[in-house]
1. If contacts are Cα pairs under 8 angstrom and at least 6 residues apart, what is the relative contact order of the range 2-95 in percent?
2. Would you calculate the separation in nanometres between label points at ASP350 and ALA337, each defined as 7 Å from the Cα along the Cα-to-beta-carbon direction?
3. What ranking, highest mean first, results for peptides 412-425, 337-350 when packing means the other Cβ atoms within 10 Å averaged over each residue?
4. State, as an integer percentage, the relative contact order of the chain based on alpha-carbon contacts under 8 Å between residues 6 or more apart.
5. Compute the accessible area per residue over the range 340-462, keeping the other protein chains in place, probe 1.4 Å, unit Å².
6. On the accessible surface of the range 111-286, probed at 1.4 Å, how many percent belong to carbon and sulfur atoms?
7. Dividing the convex hull volume of the Cα atoms of the range 1-82 by its residue count, what figure in Å³ per residue is obtained?
8. Can you give me the % of accessible surface on the range 370-459 that is carbon or sulfur? Probe 1.4 Å, all protein chains present, nothing else counted.
Amino acid sequence: MIDKIKSNWENIITFLRDDCELSPVSFNTWIKPMIPTSIEKDSRGNFTLIITVPSMPFKTYVTKKYSLYLAVAIEEITFIKCNVVFKEKNEQESQKIPKKLIDNKRHPVNNLKLLSANLNPAYTFDTFVVGKSNDLAHATAVAVAESPGSQNPGEHYNPFFIYGGVGLGKTHLMHSIAHYILEHNPDANILYVSSEKFLNEYIDALKNSNLAEYRAKYRNVDVLLIDDIQFIGGKDAIQEELFHTFNALYEQKKQIILSSDKPPMELKNLEERLRSRFAWGVAVEIFSPDFETRMAILRSKEERDGKNIDNEVIQFIATNIKSNIRMLEGALNKLYAMSRLNKNQEIDIDLAKSVLKDMITPDAPTKITSEYIATVVADHFNITVAELKAKGRKEPVATARHITVYLCRKMTNDTQTKIGQFLGDRDHSTIVNSEDVITKRITSDSELNQTIETIKKKISPQ
Ligand SMILES: Nc1ncnc2c1ncn2[C@@H]1O[C@H](COP(=O)(O)OP(=O)(O)OP(=O)(O)O)[C@@H](O)[C@H]1O
């Protein structure tokens, strides 16, 4: 029976992919790594298929998300009716390892090592709060940390690409991976840099004729982490340098971890050969945190800071600061500072309201309007709403305009005439055409599909 499932596995997962309309990224990240392993029969004659997956967080995620669909796909393709249970690879391996050894696997990392790798000691998995907005990114980060550089089928996380808005935890997650690797392999040679530093050191190296030293530094590491990679967009020489650095590391099976505000294929200022390489591994997005995650982050920070803040105050902050975790933390720090200044004044709701009033942004509109959609699309493409409304068909404005029309039609009740008036007095047929262009392309162009999904989530995060 297991042989039948194994021999039909490609067909099963293809069925699942189509049935669940999975994006290539989700398919490669979550489905490809699954290995059908064995089948068990219980006393009532029911069958359970055991599927091996790379890690514990992975198991938690796929159990919730795919076990039922997978059972359906197996029955459709093989006519075998079974439950699906996932087992992490390490669970099986760890059963063979004496407990003492497991406990000893984590080594404290010495501060010099942290300093030379440019790591923030506070940014670890232990301090990273996991919620709906970041569980995928977190689970993948753990999988990368457990098998850095692996290019085995099913564990292909190289490069690992994290993207999302400002202050949502990309840097924290990158550092967490690096900490984890060092804790399990203290000799690993790890280097974290901002893309700005990577660029500035390159310019210095050029000026001082020591490119060889620069290259030796970046090409002889086990793990290279470059933050905010979007900033090298439009800068040709450093892109060329990064291309060769990437190839050198990739060929040696060294792990590359990158972050950016957009997914690889949307980094339009980047050379195509870099963009496509960035998409070779896994790309995951971090979203704005939902209310529960915001509360948990504030509680976790408060605890680490040794404070005990009133629940009403924590709720007030979590309700009013929504889109940026750095700002959430900033709000608490501002309250601490104000309390200290006023002779340790109690932090209550009145103090919170008066101190934080400048940080509180007006709510995103509860009703989604065409104006709001245009603002989000323009922001996503780094253009202005005025450009969307203006004449002219230059890219990326033309695509952004088509997407705006498409989303206005999908997410509001506005008529084509009304959308046309709003978008620079365009006539009805132009708007119909824009909507058609996207409707046709979206089924065959997965990159466009992903862009639209990302923008939709920005418009309506929860
Ligand atoms: N899930 C989380 N749990 C706990 N703290 C978090 C979490 N996400 C972010 N933070 C904290 O929020 C702050 C901002 O996070 P970070 O610098 O990692 O964001 P970023 O996405 O890299 O931002 P930028 O785009 O500006 O580089 C940090 O202090 C980080 O520790």
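1. Contact order relative to length: 31 percent.
2. 2.4
3. 412-425, 337-350
4. Across the chain, relative contact order equals 12 percent.
5. Heavy-atom SASA per residue in the range 340-462 reads 60 Å².
6. It is 51 percent, rounded to a whole number.
7. Details: hull volume 7.4 nm³, N = 82.
Convex hull volume per residue, Cα atoms: 90 Å³.
8. 49
The values are calculated or read from the model by the stated rules, or taken from the named source; none is laboratory data. Given the structure is predicted, the values throughout are model-derived calculations rather than measurements. Here the Cβ is made from the backbone with ideal geometry for all residues, glycine too, and neighbour counts use every protein chain on show. Just so you know, the surface numbers come from the protein's heavy atoms only, side chains and all, with ligands and any DNA or RNA stripped out. Shrake-Rupley method; radii C 1.70, N 1.55, O 1.52, S 1.80 Å.
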